[in-house]
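Only one structure is covered here, and it is reproduced in the block below.
The values are calculated or read from the model by the stated rules, or taken from the named source; none is laboratory data. The model shown is predicted, which means the values in this text are computed figures rather than measured ones. Reconstructed Cβ throughout: ideal geometry from the backbone, glycine too, with neighbour counts over all protein chains shown. Surface areas here come from the heavy atoms of the whole protein model, side chains and all, with no ligands, DNA or RNA. Shrake-Rupley method; radii C 1.70, N 1.55, O 1.52, S 1.80 Å.
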Amino acid sequence: MVQVIQGKDITLAQLIDEFGLQLADDEHFFSEWQQDLAELSDLEKQSLNEVKAEYLHLSKYPILEPVVKMVVLSPLLRLAGFYQPPFYIASEQEVRISSEDEGTIVRGRIDILVFHPPLWVLVIEAKRADYSLVPAIPQALAYMLADATSAKPVFGFVTNGSEFRFIKLTKQVTPRYALSYTLSLNRGDDLYTVVKVLKHLAGLIRNS
């Protein structure tokens, strides 16, 4: 009997059991989020300071997912250059993946997909402000596994507006993944780092 799981309900244990997903233990596997990050301009820093101030102001009341996308995620993607060639944006992209024996099917919709035809560049999951990022990680990984292009890595980005994590997935033989540390809008210059990483990922794709 085929088991159908909604992407939002998937767990890491299920991805490991059904799709052979493995956590990479090589510290160099996901170096892209820590190395070769270019400095931001004063204007970019000013824009991010405004994003932070606006989010903190609005967070006095519950912030739902659409507001996270509008207030935080949209300016981050713009500053990183994902609204410019060669990239395109899709919202609510429907995905479906099945295990090798097709005993398990995962269905869902990616909140935001950044792609450079035919490659998927960045799978983004945005949650409401009071949600933990923990359940968003297997959800993003499931959607990343649905990418039919296995030759290049796929990156993921999960956020609830105040916290951010990056994910890298490769699928050459065995699917392997790694996570960045959790970056926080409320901690030092972490928001600057988020945009630096996004810009670095965009540059890697442009030059690949």
- line: Ile10 vs (1) within 17 Å of the chain's Cα centre (by Cα); (2) modelled with pLDDT of 95 or more; (3) of a type in the set (A, V, I, L, M): all pass except (2)
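So that you can scan it fast, the table gives a plain yes or no per residue for (1) within 13 Å of Leu76 (Cα to Cα); (2) surrounded by 21 or more Cβ atoms within 10 Å (Cβ to Cβ); (3) among the basic types (Lys, Arg):
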position	(1), (2), (3)
Ala136	no, yes, no
Ala142	no, yes, no
Val154	no, yes, no
Val158	yes, yes, no
Phe166	no, yes, no
Leu191	yes, yes, no
Asn207	no, no, no
statement: In segment 168-189, residues that are open to solvent by less than 50 Å² (accessible area, probe 1.4 Å), over 17 Å from Ala136 (Cβ atoms) and part of a strand (DSSP E or B) total 1
query: Of everything in segment 81-96 that's within 13 Å of Val121 (Cα to Cα) and in contact (Cβ under 8 Å) with a residue 60 or more places away in the chain, which residue is most open to solvent (accessible area, probe 1.4 Å)?
result: Pro86
query: Would you pick out the residues in segment 123-134 that are farther than 17 Å from Pro75 by Cα and either of a type in the set (Asp, Glu) or crowded, with 24+ Cβ neighbours inside 10 Å (or both)?
result: Asp130
- prompt: Taking only pairs six or more apart or across chains, which ones have beta-carbon atoms under 9 Å, a first residue in segment 124-138 that is farther than 15 Å from Leu185 by Cβ, and a second residue that is of a type in the set (Gly, Ala, Ser) and part of a helix (DSSP H, G or I)?
  reply: Ile124/Ala140; Glu125/Ala136; Glu125/Ala140; Pro138/Gly7; Pro138/Ala13
task: Give me the pairs, please: first residue somewhere in segment 32-44 and closer than 19 Å to Thr170 by Cα and open to solvent by less than 70 Å² (accessible area, probe 1.4 Å), second residue anywhere and in a loop (DSSP other than H, G, I, E, B) and of a type outside the set (Lys, Arg), beta-carbon distance under 7 Å, and either six or more positions apart or on two chains.
output: Trp33/Ser180
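If only one of Gln84, Gln139 is at pLDDT 90 or above and either of a type in the set (Phe, Trp, Tyr) or in contact with a Lys or Arg (Cβ under 7 Å, 6 or more places away or on another chain) (or both), which one is it?
After ruling out the rest, the residue left standing is Gln139.
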